[in-house]
Amino acid sequence: MKESSRRGFMGKVLGAVAGLGAIGSLVAMKKSWDPLPSVKAAGFITLDMSVYVDNELVTKEWRKKPIFIMKKSAEALKKQTQEQSARDVVVDGNSYMVAIGLCTHLGCIPAYKKAEEEFLCACHGATFDSSGQVTKLPAPRGLDIPPFKIDGSNLILGEVGPEWQKMKDNGITL
């Protein structure tokens with residue numbers, strides 16, 4: 001009798017140790033799949049929007065992609081259509097064009113032509129206006145707007161805020 005109860009006890013102990021080992025292995029595997037802290041940190045950048053000058057294009061890098069940022073002057077805002085205004089990112093009462101600087105056709109980087117106030121993709125001839133909307137095909141849609149969150153006079157790229165979510169829900173960006 002004592003022999004069988006000892007075997008039962010040892011079997012239960014062995015099962016518990018094996019179960020703990022399996023759980024430990026799963027936790028270690030999950031940690032190895034998580035991105036490194038340096039990779040997570042690269043997913044967000046904070047931009048102080050108060051330093052930008054009217055009608056001057058600035059290019060930043062976010063997740064190895066060019067980001068076009070341009071503060072719009074009062075004159076530029078008067079000339080905009082309602083569709084163009086819907087693409088504006090408004091921070092502290094100022095309107096900005098913020099877009100991923102990759103053509104939505106094949107991913108080329110369009111050049112900004114200041115005199116024409118448009119972006120030209122030299123690869124296949126697509127053009128975008130100063131708000132990022134397509135004005136000449138073959139690009140299937142306007143320049144994409146990166147996920148952003150507004151925090152005072154800062155724009156945090158990589159975080160989803162209510163303003164960006166509204167643009168996405170309205171089909172302005174993907």
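Going by how many other beta carbons lie within 10 Å of each one, how would you line up Leu102, Leu157, fewest first? Provide the component values of the computation, followed by the final result.
Working: Leu102 18, Leu157 22.
In increasing order of surrounding Cβ atoms, one gets Leu102, Leu157.
How much of the DSSP bridge set in the chain is antiparallel, in percent, rounded to the nearest 5?
On the way: 30 of 31 bridges.
Looking only at bridges with both residues in the chain, the antiparallel portion is about 95 percent.
Extending each Cα 7 Å along its Cβ direction at Thr135 and Ser25, get the distance between those two points in nm, one decimal.
6.2
Sequence gap at least 6, Cα distance under 8 Å: using those rules, report the relative contact order of the chain to the nearest whole percent.
Working: 259 pairs, mean separation 30.0, N = 174.
Result for the chain is 17 percent.
Within 10 Å of each candidate Cβ there may be at most 14 other Cβ atoms; applying that plus a DSSP loop requirement, which trypsin sites (Lys or Arg not before Pro) in the range 32-121 survive? Please report the intermediate quantities before stating the final value.
Details: sites: Lys40, Lys60, Arg63, Lys64, Lys71, Lys72, Lys78, Lys79, Arg87, Lys113, Lys114; in loops: Arg63, Lys64, Lys72, Arg87, Lys114.
Hits after loop and neighbour filter: Arg63, Lys64, Lys114.
Translational diffusion coefficient of the range 40-169 at 10 °C, 1.306 mPa s, Stokes-Einstein with Kirkwood Rh over Cα pairs, in µm²/s as a whole number.
Working: Rh = 14.8 Å.
Result for D is 107 µm²/s.
Relative to the longest principal axis of the C-alpha atoms of the chain, give the angle of the C-alpha long axis of helix 2-33, reported between 0 and 90° and rounded to the nearest 10°.
10
For the range 1-100, max minus min Cα coordinate along each principal axis, in Å, sorted largest first?
95, 26, 20
How big is the gap, in Å, between the Cα center of the range 45-122 and the Cα center of the range 125-174?
9
For each of Met70, Met10, Met49, count neighbouring Cβ atoms within 10 Å of the residue's Cβ, then give the residues from fewest to most. Walk me through the numbers on the way to the answer.
Numbers: Met70 24, Met10 10, Met49 20.
The most exposed by this proxy come first: Met10, Met49, Met70.
Laboratory data are not the source of any read-out in this text; all were calculated from the coordinates shown. The model shown is predicted, which means the values in this text are computed figures rather than measured ones. Neighbour counts run over all protein chains shown; Cβ positions are idealised from the backbone, glycine included.
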